[in-house]
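The values are calculated or read from the model by the stated rules, or taken from the named source; none is laboratory data. Keep in mind the model is a prediction, meaning the values are calculated, not measured. Cβ sites come from the backbone with ideal geometry, for glycine too, and all protein chains shown count toward neighbours. We work out accessible area using only protein heavy atoms, side chains counted, and drop any ligands, DNA or RNA first. Shrake-Rupley method; radii C 1.70, N 1.55, O 1.52, S 1.80 Å.
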Amino acid sequence: MQKIDKHFVCRQFRRAAADYDRQAAIQHRVANRLLSMTAEYTGQQTLRVLEIGCCTGLLTGKLLNSGIRIGSLVLNDLMPDFAERLPETLLTEKLRFLPGDIENIVLPGSFDLIISSSTFHWLDDLEQTLIKLLAALHPGGVLAFSLYGPGNLPEIKELTGIGLEYRSLKEIASMLEKRCRLESAHQEKEVFLFPTPRDVLEHLRQTGVNSINRRPWTRRELQHFCLEYKKRIKVDQAVRLTYHPLYFLARRF
């Protein structure tokens, strides 16, 4: 698997932070679906929760207002300054912020629920991280997460050759089944339409999704991209962009 430049990813998401919540339509949908799944398996007990990749608090706000009963909540993000970007309405006495790369930091104790939405596809070693997180759960604790699969943003990959090396549903399910009880695993396709290819690019920029394209395009490259996009990926008077979210819910033995 390719090595991801996480410092570059940080810079791209930091630039997108001001527009992220307003533009992140797919991330909102995925977070809602993930929380709906999770609520089915967490019962009515009060939980110690870890959220990974909290970003601007998109999932956090939904989590705090869901039916899931939270006793304490640890928020993790790669970017330390995202603690300052969380809305004041989310800052409660039961919440603390844990900055750093989840692949490397030491976790503060054990949890009843570890949850993450639209983040794990950025990990260098997904399998080792899943092992680490499962070990940080109490027996019977729940690991719930969403990420994106091989059918994610195929239009961009087709035209530019740029894209992450996504894991398939089957691959990730196999990682989990060896180490815990896999309660749920499923995938969806979400298709969005935009007026023009430039609107697609602006959407990607404002949600940080362009965080692996390091080199700015020349004007000629941009024109070529837009012409090819309209020629090859047109839907009526719009153009298409496809997301491929995967959802998993596992329970520690």
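Yes/no matrix, rows are residues, columns are (1) of a type in the set (D, E); (2) within 13 Å of the chain's Cα centre (by Cα); (3) at pLDDT 90 or above:
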| site | (1), (2), (3) |
| --- | --- |
| A16 | no, no, no |
| I26 | no, yes, yes |
| L63 | no, no, yes |
| L73 | no, no, yes |
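The set of residues in the range 236-253 that are at pLDDT 95 or above and either on the phi > 0 side of the Ramachandran plot or of a type in the set (A, V, I, L, M) (or both) comprises A238, V239, L241, L246, L249, A250.
If I filter the range 122-141 down to residues being assigned to a loop (DSSP other than H, G, I, E, B) and among the aliphatic types (A, V, I, L, M), which single residue comes out as surrounded by the fewest Cβ atoms within 10 Å (Cβ to Cβ)? Per the criteria, the residue is A136.
Looking at the structure I just gave you, is I68 over 24 Å from Y166 (Cα atoms), open to solvent by less than 20 Å² (accessible area, probe 1.4 Å) and at pLDDT 90 or above? Here the answer is yes, as I68 does meet what is asked.
Quick grid of which residues meet (1) crowded, with 16+ Cβ neighbours inside 10 Å; (2) not in a strand (DSSP E or B):
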residue	(1), (2)
L143	yes, no
L164	yes, yes
L176	yes, yes
A185	yes, no
H203	yes, yes
R215	no, yes
R220	no, yes
L246	yes, no
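Pairs meeting the criteria (first residue in the range 146-162 and farther than 26 Å from R33 by Cβ, second residue surrounded by fewer than 17 Cβ atoms within 10 Å (Cβ to Cβ) and at pLDDT 95 or above, beta carbons under 7 Å, at least 6 apart or on different chains) are L159/E228. Output yes when any residue across the range 114-125 is at pLDDT 95 or above, among the aliphatic types (A, V, I, L, M) and touching a strand residue (DSSP E or B) at 6+ places or on another chain (Cβ under 8 Å), and no when none is. Yes, the range 114-125 contains a residue that is at pLDDT 95 or above, among the aliphatic types (A, V, I, L, M) and touching a strand residue (DSSP E or B) at 6+ places or on another chain (Cβ under 8 Å).
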